[in-house]
1. Need at least 1 residues that are under 19 Å from the mean Cα position of the chain (by Cα), over 18 Å from residue 275 (Cβ atoms) and in contact (Cβ under 8 Å) with a residue 60 or more places away in the chain per element, so show me which strands (runs of 3 or more DSSP E) inside the range 1-92 make the cut, counting only ones lying wholly within it.
2. Among the residues of the range 174-202, write down those that are out of contact with any strand residue (DSSP E or B) (no Cβ under 6 Å at 6 or more places or on another chain) and either surrounded by 14 or more Cβ atoms within 10 Å (Cβ to Cβ) or touching a residue at least 40 places away in the same chain (Cβ under 8 Å) (or both).
3. Confirm whether residue 49 is more than 15 Å from residue 291 (Cα to Cα), buried (at least 21 other Cβ atoms within 10 Å of the Cβ) and at pLDDT 95 or above.
4. Counting just the residues of the range 203-241 that are at pLDDT below 95 and more than 23 Å from residue 147 (Cβ to Cβ), which one comes out surrounded by the fewest Cβ atoms within 10 Å (Cβ to Cβ)?
5. Sort out for me the strands (runs of 3 or more DSSP E) sitting completely within the range 108-226 that have 2 or more residues that are in contact with a helix residue (DSSP H, G or I) (Cβ under 6 Å, 6 or more places away or on another chain) and under 19 Å from residue 307 (Cβ atoms).
6. Would you call residue 303 surrounded by 15 or more Cβ atoms within 10 Å (Cβ to Cβ), within 20 Å of the chain's Cα centre (by Cα) and either farther than 25 Å from residue 120 by Cα or in the same structural domain as residue 137 (by TED's automatic domain parsing) (or both)?
7. Only one of these conditions is not met by residue 74: (1) in contact with a helix residue (DSSP H, G or I) (Cβ under 6 Å, 6 or more places away or on another chain); (2) closer than 26 Å to residue 297 by Cβ. Which number is it?
């Protein structure tokens, strides 16, 4: 690995363009090109950042050391496989792939070639979540809400993979226990796949999680409430802000629930995600959200989608 990492971005639509901007601005990293099947879009981002633009992978496969893949989900497997087999480190936008089987193959390839495979679960780097994380211990009840207006983006996959997968990853990172029971329901209202979904999960350690996701709402919200012994967190990923409440040591005439301040350091979650990826590539820090974590979220998402199909109204 050279001191300056040669990076590229494959898929420079809405999110991929931001990936390219971050790489271009980071010290110790050289953005050597962008790729998109849409020639006009590739050239537009290339011109903006003064880098070559391509509609095919080959130039990138020959010269890049690290790559972000922000293509539609259905292309994640083919593009990710080509990049890993070419010896590149890969940051792939969530979900890892379209199926758990594809995710397993990508994870195995990364291990075999000794390459970093990071999955783009952006909320892991959200300043509000990071501020609360050190004090989260043994959650007993978690509730998440992730809703957005219909924008026609990401609809190549089910809303469970498109939106809920963020929360499946977060819950999986917080609850160190297998799922005991899972019940899910969903509706297809705007597309041929599920657009609104809710899942109720009970873990073997007794923790309960309720997750709701929708892409047909009037406004966008990304929230989590988490309860543990003597403590309760309310996190708004959009703002980002957080509130923490404690009942520890309270009694008598005092209010049983007291709010404690949460100091949130300003931050750019996408920049932090890419910096963490590059640090892992350099061997400077451990991988935070790897293929194993991406596969875990995908496997639970598959169970959710299967249960939605099972419980669908005739």
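The values are calculated or read from the model by the stated rules, or taken from the named source; none is laboratory data. Note that the coordinates shown come from a computational prediction; the quantities given were computed from them, not determined experimentally. Cβ atoms come from the backbone with ideal geometry, glycine included; neighbour counts cover every protein chain shown.
1. Hits in the range 1-92: 5-10.
2. 174, 188, 190, 191, 193, 195
3. No.
4. Per the stated criteria, the residue is 229.
5. Counting at least 2 such residues, we get 141-147, 179-187, 196-203, 208-214.
6. Yes: the conditions hold for residue 303.
7. For residue 74, the exception is condition (1).
So that you can scan it fast, the table gives a plain yes or no per residue for (1) in contact (Cβ under 8 Å) with a residue 60 or more places away in the chain; (2) under 22 Å from residue 107 (Cα atoms):
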site	(1), (2)
260	no, no
265	yes, no
272	yes, no
276	yes, yes
280	yes, yes
284	no, yes
289	yes, yes
296	yes, yes
307	yes, no
